[in-house]
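*Asks:* Right, I'll just put the structure down here and ask away after.
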Amino acid sequence: MALPSTSVSVSTFPLHLLPASDPPYKLLQSHPSLSLLSKCKSIQTIKQVHSHIIKTGLHHTQFALSKLIEFCAVSPFGDLPYALLLFHSIDEPNQFIWNTMIRGLSLSSTPELAMEFYVKMIWSGILPNSYTFPFVLKSCTKMDSTQVGEQVHGQVLKLGLDSDAFVHTSLINMYAQTSQLGNARLVFDKSPLRDAVSYTALITGYISIGYMESAREIFDEIPVRDVVSWNAMIAGYVQAGQYEDALAFFKEMIEANVVPNESTLVTVLSGCAQSGSLEMGKWVRSWIDDHGLGFNIHIVNALIDMYSKCGDLDRASDLFEGLEQRDVISWNVMIGGYTHMSCHKEALGLFQRMLQSNIEPTDVTFLSILPACASLGALDLGKWIHAYIDKNIQYSDNISIWTSLIDMYAKCGSIEAAQQVFNSMKHRSLASWNAMISGLAMHGLAEKALELFSRMTNEGYKPDNITFVGVLSACSHAGLLDLGRQYFSSMVQDYAISPDLQHYGCMVNLLGRAGLFDEAEALIQNMEMKPDGAIWGSLLGACRVHKRVELGESVAKHLFELEPENPGVYVLLSNIYAGAGRWDDVARIRTLLNNKGMKKVPGCSSIEVDRVVHEFLVSDKVHPRCKEIYDMLNEVDTLLEKAGFVPDTSEVLQDMDEEWKEGALSHHSEKLAIAFGLISTKPGTTIRIVKNLRVCGNCHSATKLISKIFNREIIARDRNRFHHFKDGSCSCNDFW
DNA sequence: TTAGGGTTAG
């Protein structure tokens, strides 16, 4: 924005003719140069105003400089380094200027500097006043330093400033936010200065340590509750997961004739979103419409979030598209909504649109978009995001983002890159270790996963239930039965973690694969909870491997009860019959399936080429390069045959009808994706594919040979794990 | 003479 320079006459006030002491305040306050400040939207325009101030001689007045510093230090369009520069140009800054610098720094990401300025202020002989301490105490709160906070409290008492309501509340807030509720309470109780604000500061302290009931008691004591105190309680209930209480409070608030504001509605809607309750959300929506608030962008954003989290993506998208002005939150909630509902392609598409609209993504964007990349196997896009994050310093200490990158790389098949990100992290959270361990596990790198687990415990991290899912799945993917047993009992005995369904699933898988059916069944019987479909499914899979037809039948019965609509159970059972040569039973199951009108979930494989994800279904013929793909498939089949490959037809039901009609196994989705990879990438390039189902035995054998014949590394992710095909063999050692 | 405390997307 260029400033209208002609509108400011240098001679408006001939201030340069005045003596150095400040002229009358009224004259200064209305000076055009200073009123221009409020129009500034960038550092360039601030500099222009600064030069106006110099031209008009205003820079001789501390008042003008203080207004300039205030704008630079506090306004969202300001520039803290410029404020510092201005500050250092002043010989003897007055109390207001010191306070303003402390205020600006307390808002920044470096509150330590605010403390430094506070100390310097005292050293320079300027006494802090009742304005200074709210800023200083905010810095203490931000630094989470109880020691410094207590020292400042001492100085407040010495100066007798504890009788100021603002200082008083700031003290309560400082103690409340640094988990010293006892001290917060003491300050609160000892002083007669109690208003809705100080009550609310105390309430949020109790909420932050999860004491909702204490918060409620204090709330009931407030003589006059204002909108913020209601908002705080509603936010507390949302945070505590007490969504119905949050809504009840919202209704009570309206009955008490307190007018909800934007915060109230954003908070209530986020509660509806988190609880997934569309009914609640609709009720709030109608209130919003009745009160004409449907045009507030923050409220619309919250509505988009609510609808998409409650599963109504159409309504969410309508609101999103209907927005005239979208801010970054609008984009983030819509992308996050798609990810939440597993519409990963839509999430990626919207992200591309966001970039095209020149909206800067934020860390929240990446936390939504990286899982979408992970799910689709969109490695190139993931890499692009990694490069973007690398370039933007503000993400350098965001552990969640780096953890998401580890997860993305691992799930996109690039375990080396995941490892590199993990190694480069200076600070890690438990989730970072978990992501790396699970990543190694799904790549079948059990030894490395277990090594990492012991490194993690040596470094003092306490593993949680998710860690053990990773550890046990590492054992299960590598068939490490004894180690699996050891970790399972260590989890219970050494870490007091009670096993959940996922842990049992790994153990049943391990035992089943080893053919230890009695032990597996005993384990299932001793579970504290009812086994789910995954547990029985795992056992049924083992029955197929070990050709245990009768046991398979009885296991399938459990599954038919639990998941009557899951065609996978019928498919697996029919494969068990096929393996035993019981073709009549195979036919019976097929008829049963057809009669029930159930369709197997179609096999779907995807491959990313040049940042575009291509998806293939069984015998798909819709791809633009369909002809070339099928030509390549023919060539592959010919070469496979030459190499002595004999298709195994025992798993013909894997893809049911479609496959049956084709009469061959050569058109499974993974083979189409591989053929497309072969024709669309340079020789020698690694081919990465993602399949939604478990890879079938036939394709597994074929892919091993393809990797040898075409001299390509093929990395395939199926529903359970990764397979690295190279030189005719697979990293899973045919065990999956 | 200018300002300051408690609530708000994942």
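*Asks:* As an exercise, identify the GluC sites (Glu not before Pro) in segment A:302-369 lying in DSSP coil whose Cβ has no more than 15 other Cβ atoms within 10 Å.
*Replies:* Loop-located and lightly packed - A:E324.
*Asks:* Let me check against my output: what whole-number percent is the relative contact order of segment A:28-82, with C-alpha pairs under 8 Å and at least 6 apart?
*Replies:* Across segment A:28-82, relative contact order equals 37 percent.
*Asks:* Please sort A:688-696, A:188-196 by packing, taking for each peptide the average over its residues of neighbouring beta carbons within 10 angstrom, highest first.
*Replies:* Result, highest mean Cβ count within 10 Å first: A:688-696, A:188-196.
*Asks:* Counting alpha carbon pairs within less than 8 Å and at least 6 residues apart, what relative contact order, in whole percent, applies to segment A:171-317?
*Replies:* Relative contact order for segment A:171-317 comes out at 15 percent.
*Asks:* Going highest first, how would you order A:101-108, A:680-687, A:413-420 by mean Cβ packing within 10 Å?
*Replies:* A:101-108, A:413-420, A:680-687
*Asks:* If a/c stays under 1.5 just call it rounded; otherwise compare a/b with b/c (prolate if a/b is bigger, oblate if not). Do that for chain A, with a ≥ b ≥ c from the square roots of the Cα gyration tensor eigenvalues.
*Replies:* The shape class here is prolate.
*Asks:* Between A:V601 and A:S35, with labels modelled 7 Å along Cα→Cβ, what's the label distance in nm to one decimal, could you check?
*Replies:* Rounded to a tenth, the inter-label distance reads 6.6 nm.
*Asks:* Then there's this: So if R0 is 22 Å, what FRET efficiency would A:E221 and A:I254 give, r being the distance between their Cβ atoms, rounded to the nearest 0.05?
*Replies:* 0.55
*Asks:* Here's something else I'd like to know. Hey, how many Å between the Cα centroid of segment A:162-187 and the Cα centroid of segment A:301-331?
*Replies:* Going from one Cα centre to the other spans 39 Å.
*Asks:* Excluding A:S400 itself, calculate the net charge of residues whose Cβ lies under 14 Å from the Cβ of A:S400, where each Lys or Arg counts +1 and each Asp or Glu counts -1.
*Replies:* -2
*Asks:* Something else: Using a/c under 1.5 as the rounded threshold, could you call segment A:28-82 rounded, prolate or oblate? The axes a ≥ b ≥ c are square roots of the C-alpha gyration tensor eigenvalues, and prolate needs a/b larger than b/c, oblate otherwise.
*Replies:* Since a/c reaches 1.5 and a/b is larger than b/c, the shape of segment A:28-82 is classed as prolate.
*Asks:* Express the relative contact order of chain A as a whole percentage, based on alpha carbon pairs under 8 Å and six or more residues apart in sequence.
*Replies:* Answer for chain A is 5 percent.
*Asks:* Mind ranking A:474-483, A:559-568, A:718-727 by how tightly packed they are, going by the mean number of other C-beta atoms within 10 angstrom, highest first?
*Replies:* Top of the packing list down: A:474-483, A:718-727, A:559-568.
*Asks:* Round to a whole angstrom and tell me the spacing of the C-alpha centers of segment A:336-400 and segment A:221-248.
*Replies:* If you average the Cα positions of each part, the centres end up 33 Å apart.
None of the figures in this text is laboratory data; all of them are computed from the coordinates on show. As the structure is a computational prediction, the values presented were derived from the model and not from experiment. All Cβ positions, even for glycine, are placed from backbone atoms using ideal geometry, and neighbour counts span all protein chains on display.
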